[in-house]
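Undergrad: Can you read through this structure? Questions will come right after.
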Amino acid sequence: MPTPAGEVARAVLDEVYDDQLVRQGIPQVVTDLATAQLVKVAANSFLATKISFINAMAELCEATGADVTQLATAIGHDERIGRRFLRAGIGFGGGCLPKDIRAFMARAGELGVDQALTFLREVDGINLRRREHVVELARTACGGRFDGARVAVLGAAFKPDSDDVRDSPALDIASRIAGLGAHVTVTDPAALDNVGRSRPDLRLADSAMDAAAGADLVLLLTEWREFVELDPETLGGVVHRRVIIDGRNVLDPRAWRRSGWAYHGLGRP
């Protein structure tokens, strides 16, 4: 049963959210404080695990020649699994999932039950390994070294429709490549101001066309609609080499290859 303080809190939340919840068909769950405190971190840890799972499958697909996008579609038809959060790519970032799984592990250690969450270390490790993998793919695409290569990075926010670059895998990859000697130009529809403040070493461009001008390699790292809908022939007219790494598996490989691009998806043959 809720405590008197809990009843007061529930009444306040009802006043603020009740109509919205009813309209959206979202149920209200009333529970004890200890359970309520675990709900958010447990949910985010589950989502992080699901994302890292499909990225681990992408590693296997690359080793076997299988296609992780088809694999995700197939297993996603199982209603126990579902299709959401099964898109292989460069992994998750932002201010919630990475922080929550690490804090969850730390709290479990404080409670003396750290072994219950040891699997989250591998979830975190898989996620970070995807960033390293894309850097190595990019190095190979640049002929084995970055020195002097011109690299266009499309996307800096950790997800589309956001200006948030906290623990952004896209921005981390861009910074690593720049640190290895490439001339990196980043564009993002919303996050450029934040990029400029956090990574002043990176060059910025206002559009994909400007970023890709003269590029030896294009990296699509945040799946903004305007990047997903880019015309490969038009973009091909401004680059030095038609080579693209699709870090979010959102482009149509056939369309890009028909336009003469060397297309590389993650976990795809």
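The values are calculated or read from the model by the stated rules, or taken from the named source; none is laboratory data. The structure displayed is predicted, hence computed values, not measured ones. Here the Cβ positions follow ideal geometry from the backbone for every residue, glycine too, while neighbour counts run over all protein chains shown.
Undergrad: Please enumerate the residues belonging to region 187-208 that are among the small types (G, A, S), in contact with a helix residue (DSSP H, G or I) (Cβ under 7 Å, 6 or more places away or on another chain) and over 17 Å from D161 (Cβ atoms). Spell out how you get there, then give the answer.
TA: Start the filter on region 187-208 by keeping residues that are among the small types (G, A, S), which leaves 190-191, 196, 198, 205, 207-208.
Still in the list and also in contact with a helix residue (DSSP H, G or I) (Cβ under 7 Å, 6 or more places away or on another chain): 205, 208.
Answer for region 187-208, where residues must be among the small types (G, A, S), in contact with a helix residue (DSSP H, G or I) (Cβ under 7 Å, 6 or more places away or on another chain) and over 17 Å from D161 (Cβ atoms): just A205.
Undergrad: I would also like to ask the following. Considering (1) within 28 Å of the chain's Cα centre (by Cα); (2) at pLDDT 95 or above; (3) in a loop (DSSP other than H, G, I, E, B), say which one G95 fails and leave the rest.
TA: Going through the list (1) within 28 Å of the chain's Cα centre (by Cα); (2) at pLDDT 95 or above; (3) in a loop (DSSP other than H, G, I, E, B), G95 breaks only (2).
Undergrad: Here's a follow-up. Being in contact with a helix residue (DSSP H, G or I) (Cβ under 9 Å, 6 or more places away or on another chain), in a loop (DSSP other than H, G, I, E, B) and within 22 Å of A213 (Cβ to Cβ) is the filter here, so list the residues in region 158-186 that pass it.
TA: Of everything in region 158-186, those that are in contact with a helix residue (DSSP H, G or I) (Cβ under 9 Å, 6 or more places away or on another chain), in a loop (DSSP other than H, G, I, E, B) and within 22 Å of A213 (Cβ to Cβ) turn out to be L180, A182.
Undergrad: Can you tell me which residues in region 198-211 are assigned to a helix (DSSP H, G or I), at pLDDT 95 or above and not hydrophobic (A, V, I, L, M, F, W, C)?
TA: Taking region 198-211 and keeping what is assigned to a helix (DSSP H, G or I), we get 198, 208-211.
Among the residues that remain, those that are also at pLDDT 95 or above are: 208-211.
Once the filter is applied, which keeps residues that are assigned to a helix (DSSP H, G or I), at pLDDT 95 or above and not hydrophobic (A, V, I, L, M, F, W, C), region 198-211 yields only D210.
One line per residue, one yes/no per condition, for (1) surrounded by fewer than 24 Cβ atoms within 10 Å (Cβ to Cβ); (2) modelled with pLDDT of 95 or more; (3) closer than 19 Å to H264 by Cα:
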| position | (1), (2), (3) |
| --- | --- |
| C142 | yes, yes, yes |
| P160 | yes, yes, no |
| D172 | yes, yes, no |
| A215 | no, yes, yes |
| F227 | yes, yes, yes |
| D231 | yes, yes, yes |
| V239 | yes, yes, yes |
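Undergrad: Test each condition in (1) of a type outside the set (S, T, Y); (2) over 30 Å from P169 (Cα atoms); (3) touching a residue at least 24 places away in the same chain (Cβ under 8 Å) for E59 and report the one that comes out false.
TA: That leaves (2) as the condition not met.
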